[in-house]
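> First the structure, then my questions, so here it is.
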Amino acid sequence: MNVWANILGYQAMWLVAIWGAGHGLWWPGPLAALPFMAWVLLRHGAATDLKLMVFVVPLGFAMDTLMAATGLLHYGAPVPSANLAPVWIVTIWCCFALTLRHAFRFLIGRPVLAGLFGALGAPLAYLGAARGWDAVTFGHGILPALLVLGVMWALAMPLMLHRAARLEHLPPQLGKAHV
């Protein structure tokens, strides 16, 4: 799969979901996810990507639910509940799972780099969703939320990529060769 097409497709879906949530709408994200998901799943290894989604989505749901339940983050369009990860962000997690074997393949077998990427990239994405789009707000201030997000993602990103490699039966070093 073309890495750039995967990145751009995911980013377009993310922007639609964030825009919708910032306007109190939960449904633009799932609607935008459909063509991206169909495109990725029909082109490459649907079974493997679906298995990866079964692992990634509950993990993401748990992390974002923890953020909501503790009040560290408040999500725009909090459907079904303000104390759970909203539908639109679960949809983002579905699509994020479809980037791990493609756009983020270069991080497979590099857990320290993957952890750093997660620790820095994810908080910046949430900050962008808050500052630029009003899709999230920080309940106890920006710093506590970003620190918790950074720690969670520093652990989660290598774990998700390890799972992606296992599903493809890749030895850890093989992911490095496919940059």
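> I'd like the full set of residues that are of a type in the set (Lys, Arg) and touching a residue at least 12 places away in the same chain (Cβ under 8 Å), limited to segment 107-150.
Listed by number, the list holds a single entry, 110.
> Can you say whether residue 79 is more than 13 Å from the chain's Cα centre (by Cα), modelled with pLDDT of 95 or more and of a type outside the set (Lys, Arg), as far as the supplied structure shows?
Yes, satisfied.
> Report whether or not residue 60 is closer than 25 Å to residue 143 by Cα and either of a type in the set (Asp, Glu) or within 17 Å of the chain's Cα centre (by Cα) (or both). It would help to see each step written out before you state the result.
Numbers: closer than 25 Å to residue 143 by Cα: yes; either of a type in the set (Asp, Glu) or within 17 Å of the chain's Cα centre (by Cα) (or both): yes.
Yes, satisfied.
The values are calculated or read from the model by the stated rules, or taken from the named source; none is laboratory data. Every value quoted in this text rests on a predicted model; they were computed, and no experiment measured them. Methodologically, a virtual Cβ is constructed for each residue, glycine included, from the backbone with ideal geometry; neighbour enumeration extends over all protein chains shown.
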